[in-house]
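Some notes on the structure that comes next.
Bear in mind that the values in this text are calculations on the coordinates, not laboratory data. For clarity, every value in this text was computed on a predicted model and none was experimentally measured. For neighbour counting, all protein chains shown are included, and Cβ atoms are generated from backbone atoms with ideal geometry for every residue, glycine included.
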Amino acid sequence: MNKHRTFTPPLLAIALFPWLYACDGSQEQNTEAAAAPNWQQTAHGAVVSLNEGDFKKVRLQVIDEEIIRVTATPQQGFTNLPEPMMVTAEPRQTAFSVTEVDGELVVKTDEVSAEVDLQSGAVEFKNAAGETLLSEAGRSLGPVSRDPGKVDADSFSLRQQFDHLPDEAFYGLGQQQDGDVNYAGENVELTTYNMEIAIPYLVSSRNYGLLWNNAGISRLGDPLPPQPLPEGFKLFDANGEPGGLTARYYDGDELKLERSEADLNYQFLSHGSVREVPLPEEVADAENLRIEWTGSIQPTESGEHELKMYSSGYANLALNGDELLNRWRMNWNPWYHNAEMELQAGEKYQLDLDWQPQGGYMRLLQHGPRPQEEQQQLSFAADTGKAVDYYFVAGEDKDEVVSGYRELTGKATMLPKWAFGFWQSRERYKSQDELLGALEEYRDLEIPIDNIVLDWSYWPADAWGSHDFDSEFFPEPKAMVDRVHELDANIMISVWPKFYPTTENYKQLNAEGCMFNKNIEENNLDWIGPGYLNTFYDAYDPECRELYWSQMRDKLNTLGFDAWWLDAVEPDIHSNLSFAHRKDLISPNNLGTGAEMFNAYALPHAETVYEGERETDGHKRSFILTRSGFGGIQRTGSAIWSGDVVSRWSNLEEQIAAGIGVGMAGVPYWTFDIGGFTPEDRYRYNGDVVVGNFNEMPESEQQEWQELNLRWFQFGAFTPLFRSHGQNPYREIFNLADEGSETYDSMVWYTKLRYRLMPYIYTLAGDAYHKDGTMMRGLAMDFGDDPKVRDINTQYLFGPSLLVNPISEFGARSRDLYLPEGSDWYDFHSGEKYSGGQQIEADAPYDRMPLFVKAGSILPTGPEIQHTGESLNAPLTINVFTGADGSFEIYEDDGSSYGYENGEWSRIPLSYNEASGELTIGERIGDFPGMAESRQIQVRWIEEGNKLSDFDAPAATTVEYSGDLLTLKRG
């Protein structure tokens with residue numbers, strides 16, 4: 001940071017000895033300047049006034065010893081800032097000092113300081129030892145250009161830049177689908193979409209975090225959205241002529257049109273089902289459309305370029321003959337796929353793009369190299385906002401940094417225990433008999449299960465939003481729910497914020513001014529049957545939300561459903577419109593424009609359902625699965641999931657990084673559709689047959705289908721929520737494979753393993769609330785001193801002990817993986833012990849995924865059970881992985897009530913000393929209603945060659961534990 005060292009007399013001297021500065025005119029002027037500094041101390045920090053530049057005030061607020069908020073405004077005050085949405089924390093009574101030193105204002109607590117340059121307003125953050133953690137590098141504003149509505153006079157596009165160390169890594173940001181975990185130097189658009197969830201919290205490898213306090217679309221890296229190809233390249237067609245690429249349009253093998261095109265743009269609809277850029281008339285009626293783009297691109301700058309292919313259908317992108325991207329997405333749900341490469345200015349590169357639209361969408365865009373002066377900077381930019389506003393969070397480690405996020409935005413609630421068991425879902429159970437039949441089959445086959453899910457379209461076809469049931473297929477919904485409960489399971493139901501204007505619920509909401517009616521005015525029909533007029537309600541309005549919940553309560557909650565699936569809450573009012581158009585459809589709203597609130601819809605929507613259910617049914621934990629989220633979603637009894645991913649190996653792999661990003665952004669509960677939501681047609685159809693059971697699939701596709709689902713299933717067993725869901729083919733274990741087959745047996749084994757691990761898993765859930773813990777942990781959380789883990793995006797820790805290594809390649813029977821330095825590692829399946837800090841080729845037979853356990857782990861397991869209700873007070877097995885000291889606390893509560901908020905819980909502390917070979921089972925901490933006073937505990941010592949997966953192996957010791965301290969010696 002540049003320090004403007006203009007001499008300022010010490011304020012204390014001026015206050016006590018004013019005569020020293022009052023001898024002549026110049027001294028009087030100095031006295032006036034000193035008596036009126038350009039800063040003012042406040043109850044929770046200070047405000048600096050700036051005389052130059054676009055920003056007039058910089059405010060620092062001390063939230064606690066490790067958190068400082070920075071707000072820079074172009075106004076003369078802060079009264080125009082919107083009411084907080086993400087952040088619920090108020091500044092604590094924290095001791096801090098404010099001093100002026102050498103042209104800087106220093107706001108300091110015992111743990112962190114923020115130093116503000118009094119001339120520029122730039123802020124530098126230091127730790128208690130005086131080491132710089134982060135410093136601002138620039139701050140700017142401009143006109144709002146991406147808000148389609150009327151822009152307030154006090155709204156601006158905003159950018160804040162920071163300097164960071166060359167080897168610094170950045171994690172978090174929520175659910176992104178780019179496969180990255182480390183976002184240093186990357187371009188990330190923080191937006192909301194079917195598969196994208198912005199949690200605008202960034203965690204540094206240097207153990208600090210930044211919460212970007214803006215609810216509109218923001219960008220990390222390049223402040224601009226991706227640009228058309230001609231913005232960064234000169235284009236040449238197949239014959240070398242400048243101006244565009246050669247575009248060839250085929251119907252099957254017949255060439256229908258050849259022309260030059262500079263912008264490969266079939267990205268959005270304009271309204272209804274009309275494309276913004278129509279396809280050429282020559283192929284308007286093509287039955288098997290395929291488009292080729294070929295030619296050369298010549299960069300105008302040297303450096304790292306990023307190509308961004310927004311696509312659905314089949315798309316293959318190659319540069320100089322090397323395949324960069326090979327993707328398929330269902331036609332109605334396109335998204336970006338990214339490729340980065342170093343290119344030299346003036347050199348030509350052959351580009352080939354082959355696209356089979358299948359009714360889908362396409363655009364090829366690019367980001368050019370970042371300016372040299374920005375290549376070691378971190379940048380946040382917002383499309384619109386009133387001020388630059390962010391929170392700096394310091395911590396001793398990344399768990400503390402995550403805890404700081406929770407302090408700001410709300411603690412994660414405890415989910416009901418059953419949520420951590422196995423869920424079965426399908427798009428969709430078309431009748432109550434289908435749903436109950438699937439659940440009964442699980443019980444008959446003795447495969448553990450806790451939750452069955454009723455997805456959409458249970459309502460009459462012309463009555464979306466009525467919350468009624470189609471009486472032909474769901475004649476007795478209350479009896480259906482009751483039967484699920486008789487089978488010791490739970491039932492979740494899908495509820496949308498979408499309404500047909502013919503329903504009474506719409507009419508009631510509309511009468512209160514609660515509906516976004518532009519979608520109806522544009523005649524944007526949905527995709528059900530002949531298509532119906534529809535729209536969404538204004539979830540930014542608290543009175544509208546209360547009315548929405550009352551409709552759910554009176555029509556659905558009274559039937560006894562256990563959980564809510566809040567779908568399409570981006571909100572996805574009309575798919576495949578441009579983002580500008582989507583913003584317009586939710587403008588105006590109760591809190592401003594669609595641009596200002598674009599990312600936040602899911603948060604107030606879920607919060608009101610959560611609070612409403614707590615008020616209505618306070619005896620049981622509310623639970624929500626929501627397709628979108630925002631900072632703070634964890635306080636609403638919610639889990640998020642990765643949306644409508646597809647049944648492809650590449651999508652499987654990308655979910656690993658997506659889940660890591662969610663966890664490191666501070667949200668502990670996350671899941672995905674095991675197997676992918678939508679498969680390719682080669683899996684879904686066999687001639688005229690719509691495939692249900694896998695045996696109806698063409699034989700040529702069955703092997704890959706089963707392997708893809710099995711590998712995804714193995715991965716899913718070690719995520720916070722274990723959930724199978726998707727379109728046809730059916731996703732029940734018994735529909736994916738025949739009983740007794742290797743695929744079937746492996747899926748059943750992993751399901752039973754999940755339940756065996758329930759004492760461990762539920763402790764992780766308890767820690768998410770009580771200790772702000774993270775269940776799905778990027779390796780940098782626990783091994784931050786090992787530089788080799790910085791970019792690892794296909795491995796993670798599930799809790800403190802289990803190193804999970806999913807398989808994401810068809811036919812793979814081994815995989816390369818890294819064992820982090822600083823620990824020894826046990827192979828879960830073979831018992832072989834490895835030293836950390838090495839790359840190994842791990843076995844991955846068809847029926848098993850590589851899984852390792854950290855030496856020193858104390859891993860509690862339970863007996864084989866059929867549902868989580870059988871785990872309460874069940875016998876425990878303590879598995880001690882020898883070779884290092886270790887500790888663990890087994891957390892328990894009643895699993896269903898809010899008593900945990902009032903101290904109704906217990907912990908059994910465990911510690912192992914390697915030198916003495918002793919396991920100490922400490923005195924029980926706490927209790928709760930229904931807790932058994934005495935428990936049977938077995939102890940197994942895991943040494944090299946012992947397999948934890950051998951659950952029938954005899955225990956070394958069995959004791960009766962009544963809550964008193966016990967010490968057990970390894971034999």
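Order these by the 10 Å Cβ neighbour count, fewest first: K411, K771.
Final ranking by Cβ density, sparse to dense: K771, K411.
Between the labelled values [x] 1.46; [y] 0.98; [z] 1.08, the entry that holds Rg/Rh (Cα atoms, Kirkwood Rh) as derived from this structure is [y]. The phi torsions of segment 523-540, fed into the Karplus equation with coefficients 6.51, -1.76 and 1.60 and a -60° offset, translate into couplings of 6, 7, 7, 8, 9, 8, x, x, x, 10, 4, 6, 6, 10, 9, 7, 6, 7 Hz, rounded to whole numbers, with Gly and Pro shown as x.
What residues of segment 512-540 lie in the reach of a label at N590, counting those whose backbone N is under 12 Å from a point 7 Å from the Cα along Cα→Cβ? Answer for this model: 512-515, 537-540.
Highest mean packing comes first when the peptides 257-263, 705-711 are listed by Cβ atoms within 10 Å, giving 705-711, 257-263.
Could you tell me which of the pairs K398/K752; K56/K126; K555/K583; K507/K555 are separated by over 27 angstrom between their Cα atoms in the structure shown?
From K398/K752; K56/K126; K555/K583; K507/K555, over 27 Å: K398/K752; K555/K583.
Between H271 and E83, what FRET efficiency follows from the Cβ-Cβ distance if R0 is 35 Å, with the result rounded to 0.05? The pair H271/E83 has a calculated efficiency of 0.60.
When the expected Rg is taken as 2.2 N^0.38 Å, what fraction or multiple of it is the alpha-carbon Rg of segment 341-448?
1.98
To the nearest 20 debye, what charge dipole does the chain have about its Cα centre, counting +1 at the Cβ of each Lys and Arg and -1 at the Cβ of each Asp and Glu?
1280
Remark on F96: its backbone amide H falls under 5 Å from none of the residues 5 or more positions apart or on other chains, H modelled at 1.01 Å from N. For the pair N326 and E933, label points projected 7 Å from Cα toward Cβ lie 6.7 nm apart. Would you please give the FRET efficiency between D154 and Q40, computed as 1/(1 + (r/R0)^6) with r the Cβ-Cβ distance and R0 = 30 Å, to the nearest 0.05? The pair D154/Q40 has a calculated efficiency of 0.85.
Relative protection proxy for 626-635, 266-275, from highest mean packing down: 626-635, 266-275 (other beta-carbon atoms within 10 angstrom).
Rounded to whole Å, give me the distance from the Cα center of segment 326-398 to that of segment 931-971. Between the Cα centres of segment 326-398 and segment 931-971 lies a distance of 51 Å. The simple Förster model, with R0 at 22 Å and r as the Cβ-Cβ distance, assigns E546 and E434 a FRET efficiency of 0.05. Highest mean packing comes first when the peptides 460-466, 472-478 are listed by Cβ atoms within 10 Å, giving 460-466, 472-478.
Full extension of the chain between L872 and N51 yields a length gain of 289.1 nm, computed as 0.36 nm times the residue separation minus the alpha carbon distance.
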